[in-house]
Amino acid sequence: MADPSIARTAPRADPPGAGALVSLGLVPPATRFSFRGDAAAADGCGRALGLALPRVACRSAEAGDRAVLWLGPDEWLVLAPEAETVPLFAAVEAALAGVPHALVDVSHRQVGFAVLGRLAPALLNAGCPLDLDLSAFPIGACTRTVLAKCDVVLWRRGPDAFRLEVNRSFADYLAGTLRVAERGLG
Amino acid sequence: MLLIPCPYCGPRPELEFRNAGHAHIARATAADDQGWAETLFYRDNPKGVIAERWRHFSGCGRFFNALRDTVSDGFLASYRVGEPRPAAPPPIPEGEAPRIGAGEEPRP
Ligand SMILES: [Zn+2]
């Protein structure tokens with residue numbers, strides 16, 4: 001697959017200041033788990049992770065460099081540093097022995113993008129119909145949604161900072177789409 | 001863009017949803033031709049309020065039921081699978097935006 005970060009550094013004729021208004025970069029490789037289970041399983045998973053799984057729709061929880069994103073009433077996305085994949089998986093499985101649940105390592109299924117800058121919401125809204133105003137989509141909000149026809153997970157890290165998780169095979173297309181949209185921001 | 005109220009996530013853009021046909025279809029208990037025909041093919045197709053299954057496909061992924069007015073295309077209510085069909089609210093006056101529900105906190 002072509003590296004989505006390459007085009008970012010390629011010379012191009014941008015309007016003045018465009019690069020400063022929004023930047024798009026790959027986040028480092030990470031541990032990603034898809035976790036599904038009922039309330040009891042979620043409690044056990046939270047104990048193993050060291051942070052409670054969020055029960056409020058479309059909200060995330062963070063502790064240190066680990067995060068859990070609510071994706072559905074019985075579905076979460078766990079994010080952690082890359083080196084933790086094996087021990088963290090084992091820890092969760094050990095905590096949930098005998099408790100029905102589904103824990104799947106999807107670390108390599110997805111690619112993470114960091115979208116930063118004052119116009120980051122405007123850039124995302126070029127292909128995403130969600131209301132990204134801070135009152136409707138506050139810091140810490142997360143959800144699966146549609147961005148330029150791709151299913152993505154969108155997570156707000158700050159007023160001007162978002163993290164995008166997209167399936168690997170869509171990453172190149174999505175980066176290109178956002179780069180084209182960026183030219184319209186001025 | 002039309003906003004569809006997901007009972008888990010609140011009002012969300014229609015692009016995230018997939019329609020899944022009529023809700024509350026009672027399956028035929030007898031496996032005769034007429035019973036199966038009614039289960040599979042016979043639908044009300046009302047002009048007015050209809051109860052439908054929807055899936056928040058590019059969101060929480062959950063199926064739910066919703067009342068929709070086939071005349072105005074407005075969503076009148078949405079409710080979780082297993083909950084009874086609510087009474088249909090009065091029709092939306094012409095020119096007004098459809099009422100949409102807010103997302104609820106998940107139940108314990
Ligand atoms: Zn939903």
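The values are calculated or read from the model by the stated rules, or taken from the named source; none is laboratory data. For clarity, every value in this text was computed on a predicted model and none was experimentally measured. All Cβ positions, glycine included, derive from the backbone under ideal geometry; neighbour counts span all protein chains shown. Keep in mind that these areas ignore ligands, DNA and RNA; they rest on the heavy atoms of the full protein, side chains included. Shrake-Rupley method; radii C 1.70, N 1.55, O 1.52, S 1.80 Å.
Out of A:VAL92, A:VAL146, A:VAL106, one residue alone is in contact (Cβ under 8 Å) with a residue 40 or more places away in the chain and touching a helix residue (DSSP H, G or I) at 6+ places or on another chain (Cβ under 7 Å). It is A:VAL92. Out of contact with any Cys (no Cβ under 6 Å at 6 or more places or on another chain) and either open to solvent by less than 50 Å² (accessible area, probe 1.4 Å) or acidic (Asp, Glu) (or both): which single residue out of A:LEU116, A:LEU132 fits that description? Step by step, each of A:LEU116, A:LEU132 is checked, and only A:LEU132 is out of contact with any Cys (no Cβ under 6 Å at 6 or more places or on another chain) and either open to solvent by less than 50 Å² (accessible area, probe 1.4 Å) or acidic (Asp, Glu) (or both).
May I ask you to verify whether A:GLY127 is in a helix (DSSP H, G or I) and either within 25 Å of A:CYS150 (Cα to Cα) or of a type in the set (Gly, Ala, Ser) (or both)? For A:GLY127, the condition - in a helix (DSSP H, G or I) and either within 25 Å of A:CYS150 (Cα to Cα) or of a type in the set (Gly, Ala, Ser) (or both) - is not met. One residue stands out in segment B:12-25 among those that are more than 10 Å from the ligand (Cβ to nearest atom) and at the interface with chain A (Cβ under 9 Å from one of its Cβ atoms): the one that is surrounded by the most Cβ atoms within 10 Å (Cβ to Cβ), namely B:PRO13. Considering only residues of segment B:36-67 that are more than 14 Å from B:GLY82 (Cα to Cα) and of a type in the set (Lys, Arg), which is nearest to the other protein chains (Cβ to nearest Cβ)? So the residue we want is B:ARG55.
Across segment B:40-71, the number of residues qualifying as open to solvent by less than 10 Å² (accessible area, probe 1.4 Å), out of contact with any Gly (no Cβ under 9 Å at 6 or more places or on another chain) and within 12 Å of the ligand (Cβ to nearest atom) comes to 3. When A:GLN110 is tested against (1) farther than 25 Å from A:THR31 by Cα; (2) open to solvent by less than 20 Å² (accessible area, probe 1.4 Å); (3) more than 14 Å from chain B (Cβ to nearest Cβ), just one condition goes unmet, and that condition is (1). Listed by position, the strands (runs of 3 or more DSSP E) contained in segment A:52-100 that have at least 3 residues being surrounded by fewer than 15 Cβ atoms within 10 Å (Cβ to Cβ) form an empty set. Checked against the criteria, B:LEU76 counts as more than 16 Å from the ligand (Cβ to nearest atom) and closer than 30 Å to A:CYS128 by Cβ.
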